[in-house]
């Protein structure tokens with residue numbers, strides 16, 4: 001009896017969808033495509049939002065106990081700031097509603113328009129949807145906002161344990177409202193990197209991850225290393241407070257990446273689109289596991305034992321590397337791309353230490369180094385990519401983001417100051433910046 005009722009309910013629910021989905025010849029209607037594309041943006045958007053939790057947990061696990069509350073606060077704060085700034089100016093800078101301010105009237109420009117993000121009207125009709133485009137404006141805005149916020153999350157971990165909270169949030173406002181949207185428009189907003197160079201970056205190895213890495217690198221240089229990190233020619237390891245939490249954060253980021261890459265297909269209204277999204281999911285996962293295994297094997301061979309923190313970053317580096325082109329590789333190519341990403345982390349972390357660049361969570365090797373590799377790896381799998389079209393945009397984005405970030409960090413450093421004093425750093429930022437400790441029964 002129960003099975004009969006369940007079957008009837010499913011049949012009734014499926015019939016309207018089937019009728020909606022087909023026109024003559026079995027092709028989906030434009031309105032059906034609109035609905036499914038919108039659904040893709042919304043589902044993948046909240047998966048990418050879940051990455052905010054992943055960054056928070058990863059960073060909370062990799063910083064010392066005395067700084068955990070501050071790190072969590074920064075992650076909540078940066079998302080709030082990013083959401084406001086992307087609404088105020090960022091979305092329209094990235095996807096201008098009107099003509100470009102600088103550049104041609106249609107595309108190939110350098111800056112978008114200043115203005116608020118505007119959603120479609122309440123209860124939009126099917127006829128009005130035809131004028132909106134292939135998906136809801138609200139879903140597109142929501143999806144793109146998550147990418148913007150993820151860029152700021154990359155910066156947060158690298159600067160941990162010695163930066164003041166409010167100057168960091170001020171930088172976040174400028175990064176998410178101006179720096180990120182402008183450079184993203186150069187590729188994803190039909191700007192000059194897309195029209196003049198044919199630059200290929202499917203989901204943002206450069207547009208998102210390298211940008212976060214460049215901004216973090218500038219911040220680390222102006223901020224300086226943590227007290228006692230580099231002393232008498234030696235590197236002092238500062239162990240994280242909670243490896244289970246860091247591992248949980250990595251798995252959350254891994255889950256969110258399916259939305260990050262899968263949603264970047266930007267369509268789910270046809271059989272081909274559905275198959276492509278499935279292919280993207282499979283390649284994304286393959287790159288992640290390859291990054292993990294590469295980090296496990298190499299750390300065992302080089303150091304005589306595995307290192308969990310490097311393995312976790314190996315996963316993330318594999319994911320970053322496949323992000324520039326998760327569609328065209330086959331599974332073997334995705335494995336190679338991800339494995340090289342994992343190897344980059346193994347050697348990138350000690351390289352930064354030799355240069356006395358103190359990146360607390362390894363964000364620069366993961367997002368900058370592996371992001372550059374992933375963007376170059378597009379040449380291997382996508383025949384439309386050219387060496388010139390990939391290398392020159394990497395340099396342009398790097399110079400623009402690193403240069404502008406240096407200017408902002410320099411102004412903040414010489415005005416409000418960006419670093420806590422030595423006593424506050426020794427006692428922990430939870431005590432000096434927050435007044436609330438994450439683990440009071442252990443740290444007191």
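Nothing in this text is a laboratory measurement; each read-out follows from the coordinates by a stated rule. All values derive from a computational prediction rather than experimental measurement. Cβ atoms come from the backbone with ideal geometry, glycine included; neighbour counts cover every protein chain shown.
Using the 10 angstrom Cβ neighbour count as an exposure proxy, how do 187, 356, 229 rank, fewest first?
356, 229, 187
I need the shape label for segment 119-220. Rule: rounded when a/c is under 1.5, else prolate if a/b > b/c, else oblate, with a, b, c from the alpha carbon gyration tensor.
Note, shape of segment 119-220 comes out oblate.
Subtract the Cα-Cα distance of residue 166 and residue 251 from 0.36 nm times their separation in residues, and report this length gain in nm to one decimal.
Taking 0.36 nm per residue and subtracting the Cα distance, the gain is 27.7 nm.
For segment 135-196 and segment 293-369, what is the centre-to-centre distance using only Cα atoms, to the nearest Å?
For segment 135-196 versus segment 293-369, the Cα centre distance is 23 Å.
So for 91, 230, 180, 134, fewest C-beta neighbours within 10 Å to most, what's the order?
134, 230, 91, 180
May I ask you to list the residues of segment 162-182 whose amide nitrogen lies under 19 Å from a point 7 Å from Cα along the Cα→beta-carbon direction of residue 399?
What the label zone holds, given the 19 Å backbone N cut-off, is 179-180, 182.
Mind checking the angle between helix 30-62 and the chain's longest principal axis? C-alpha axes, 0 to 90 degrees, to the nearest 10.
It is inclined by approximately 10 degrees.
Under the classification rounded if a/c is under 1.5, otherwise prolate if a/b is larger than b/c and oblate if not, where does segment 302-365 fall, given a ≥ b ≥ c as square roots of the Cα gyration tensor eigenvalues?
Prolate is the answer for segment 302-365, as a/c is 1.5 or above and a/b outweighs b/c.
Using a basic spin-label model with each label point 7 Å from the Cα along Cα→Cβ, how many nm lie between residue 388 and residue 281?
Between residue 388 and residue 281, the label points sit 4.0 nm apart.
Let me have the relative contact order for segment 314-424, percent, based on Cα pairs under 8 Å that are six or more residues apart. Before the final figure, lay out the partial values.
Details: 97 pairs, mean separation 32.0, N = 111.
Across segment 314-424, relative contact order equals 29 percent.
Take residue 410 and residue 427, extend 7 Å from each Cα along the Cα→Cβ direction, and tell me the distance between the two endpoints in nm.
Distance between label points: 3.4 nm.
Under 1.5 on a/c is rounded, so check that first for segment 283-415, then, if it is not, pick prolate when a/b is larger than b/c and oblate when it is not; a ≥ b ≥ c are the square roots of the alpha carbon gyration tensor eigenvalues.
It is oblate, given that a/c is not under 1.5 and a/b is not larger than b/c.
Quick one: order 279, 162 by neighbouring beta-carbon count within 10 Å, fewest to most.
With the fewest neighbours first, 279, 162 line up as 279, 162.
Determine, for each peptide in 419-431, 318-330, 195-207, the mean count of other beta carbons within 10 angstrom over its residues, then list the peptides with the highest first.
Result, highest mean first: 318-330, 195-207, 419-431.
For a bin width of 10 Å, list the pair-distance distribution of segment 156-281 built from all Cα-Cα distances, rounded to whole %.
Reading upward from the zero bin: 10, 27, 33, 20, 8, 1, 0.
If I compute Rg and Dmax of the Cα atoms in Å from the structure I just sent, which labelled value in [x] 22.6, 78; [y] 23.7, 79; [z] 21.6, 65 lines up?
It is the value labelled [x].
So, R0 is 60 Å and r is the distance between the beta-carbons of residue 442 and residue 331; what FRET efficiency does that work out to, to 0.05?
Efficiency for this residue pair is about 0.85.
In degrees from 0 to 90, rounded to the nearest 10, what is the angle of the helix 331-354 Cα long axis to the longest principal axis of the chain?
Once rounded, one gets 20 degrees.
Find the centroid of the Cα atoms in segment 403-418 and in segment 202-257, then give the distance between the two in whole Å.
Cα centres, segment 403-418 to segment 202-257: 20 Å.
Tell me the angle of helix 243-262 to the major Cα principal axis of the chain, expressed in degrees between 0 and 90 and rounded to the nearest ten.
Here the helix axis deviates by roughly 30 degrees.
Would you calculate a helix-derived [θ] at 222 nm for the chain, using -39,500 (n - 2.57) for each DSSP H run of n ≥ 4 and dividing by the full residue count, to the nearest 500?
The helix-only estimate for the chain comes to -21000 deg cm²/dmol at 222 nm.
Over the chain, calculate the relative contact order: mean separation of alpha carbon pairs under 8 Å at least 6 apart, over the residue count, as a percent.
Numbers: 837 pairs, mean separation 103.3, N = 444.
That works out to 23 percent.
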